[in-house]
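Below: one structure, written as structure tokens.
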Amino acid sequence: MRFKTVAVSNYRNIKFARLDVDADRVFFLGRNGQGKTNLLEAIGYVTSLRAFRARENETLLGPETAQAEIVYEIEHEDVGEAKAHVRIKKKGKEVSLDEEPVRRASDFVGRFPAVTLSSEDLNIVRGSPGGRRRFIDTFLCGIDRQYYVALQRYQKCIQERNALLKKGASAALMKPFEKQLIDPALEVIGKRQRVIAELGGMASRFYETLSGSAEEIGVSYKPNALPEDEQGYWDLLERNRRRDEFLQNTGKGPHRDDFELSLNGRSAADFASDGQQRSIALSLAFATIAYWREQFGVCPVLLIDDVLGELDPARRERFWNALDSGIQLIATGTELPGAAAGKEWLVYRVDAGAFAPAD
């Protein structure tokens, strides 16, 4: 897959930009805070209809109108040429594909895969559980529409249950809401468990190339709770009911899951160097690309936000060696990263939300 053109209007600080990105290597060059990441985020939005830096639609809207729009022209292995149009509003979004409205977001999610790697993702080993959940949820929402639906249902149910807890609602009043959250919760847990294990196996294959060593990495799912079935989940809720009522929030469930990264059997957060942690993060990104290719026969676009400049020369060289020449790479940074594995960069300079081809 590759993006050919992208048009963005009223997205964060971007009033309007229409860019030809039909190249193997594209780079947005500029100082920090000018809109490079905003555009990369808008490009990646097409995969899971989620922004990698925000949860609320309102934070994505610029000052010009009450909505933001993104139009993509895409070349895809299965469907050929395609045009996708996303309109983001304060509440909800509208999507069309080749001028035909898409009625359900779950019918669109995952059609056009892009893998995003940001500076925050480089810190995934040592970062917060929330960051790691965001990483796996963004990936799973892209590859599995049922997961996307289940996660949305579960998150909505947790919000409703927490609201009832804050109001001091009785257990009898809460149980109908709790019944609705159990099935999606079990689906989220089951799919995270399976896919995290598969990604771990793939990531370990890339780590040797990226690190230049024979060290082994591991990726282990750390569920906050692991009920086996519906009755097990009811038991979990009952065991924690008094605690939840006292603290007025739901303490157990997949909304508090995590996964652990290890190096040679020891916690990478505690024992891996900064360079090793960066190699682990890159290995995970390459693993998600490999997953797309092996499972679905589609090559995602790789979006890299201000990351290449943080790699030392040896790791940067190994990055190019590990990157398949057929992958479209779109990157940002404050300075050009140098050789692009024998390919020329298509460069745009970015200033205050405006984009211009570099001389």
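Selection over the stretch 175-214 of residues that are of a type in the set (Ser, Thr, Tyr), in contact with a helix residue (DSSP H, G or I) (Cβ under 6 Å, 6 or more places away or on another chain) and either at pLDDT 90 or above or exposed (fewer than 15 other Cβ atoms within 10 Å of the Cβ) (or both) gives a count of 1. Which pairs have Cβ atoms under 8 Å, sit 6 or more apart or on different chains, and link a residue in the stretch 166-182 that is closer than 13 Å to residue 238 by Cβ to one that is of a type in the set (D, E, K, R) and in a helix (DSSP H, G or I)? What qualifies is 171/241; 174/161; 178/161; 182/230. Taking the stretch 42-91 as the range and being among the charged types (D, E, K, R) and touching a Cys at 6+ places or on another chain (Cβ under 8 Å) as the test, the residues that pass are 50, 77. Set side by side, the residues 225, 172 differ, and just one is surrounded by fewer than 15 Cβ atoms within 10 Å (Cβ to Cβ) and modelled with pLDDT of 90 or more, which is 172. Here residue 134 meets the list (1) under 30 Å from residue 32 (Cβ atoms); (2) in contact with a strand residue (DSSP E or B) (Cβ under 9 Å, 6 or more places away or on another chain) almost entirely, failing just condition (2).
Candidates 118, 106: the one that is at negative phi and not assigned by TED's automatic domain parsing to the domain that holds residue 11 is 118.
A quick yes/no check of all residues on (1) in contact with a Pro (Cβ under 6 Å, 6 or more places away or on another chain); (2) assigned to a helix (DSSP H, G or I); (3) closer than 30 Å to residue 226 by Cα:
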{"position": "261", "(1), (2), (3)": "no, no, yes"}
{"position": "270", "(1), (2), (3)": "no, yes, yes"}
{"position": "276", "(1), (2), (3)": "no, yes, no"}
{"position": "282", "(1), (2), (3)": "no, yes, yes"}
{"position": "287", "(1), (2), (3)": "no, yes, yes"}
{"position": "292", "(1), (2), (3)": "yes, yes, yes"}
{"position": "302", "(1), (2), (3)": "no, no, no"}
{"position": "317", "(1), (2), (3)": "no, yes, no"}
{"position": "321", "(1), (2), (3)": "no, yes, no"}
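Within the stretch 211-232, not a single residue is in a helix (DSSP H, G or I) and basic (Lys, Arg). Go through (1) in contact (Cβ under 8 Å) with a residue 12 or more places away in the chain; (2) over 17 Å from residue 289 (Cα atoms); (3) assigned to a helix (DSSP H, G or I) and name the single condition residue 84 misses. Single failed check for residue 84: (3).
Here's the yes/no breakdown for (1) buried (at least 20 other Cβ atoms within 10 Å of the Cβ); (2) charged (D, E, K, R); (3) more than 15 Å from residue 126 (Cα to Cα):
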{"position": "242", "(1), (2), (3)": "no, yes, yes"}
{"position": "249", "(1), (2), (3)": "no, no, yes"}
{"position": "254", "(1), (2), (3)": "yes, no, yes"}
{"position": "260", "(1), (2), (3)": "no, yes, no"}
{"position": "264", "(1), (2), (3)": "no, no, yes"}
{"position": "282", "(1), (2), (3)": "yes, no, no"}
{"position": "302", "(1), (2), (3)": "yes, no, yes"}
{"position": "305", "(1), (2), (3)": "yes, yes, yes"}
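The values are calculated or read from the model by the stated rules, or taken from the named source; none is laboratory data. All of these numbers come straight from a predicted model, not from anything done at the bench. In this analysis, Cβ positions are derived from the backbone assuming ideal geometry, glycine residues included, and neighbour counts consider all displayed protein chains.
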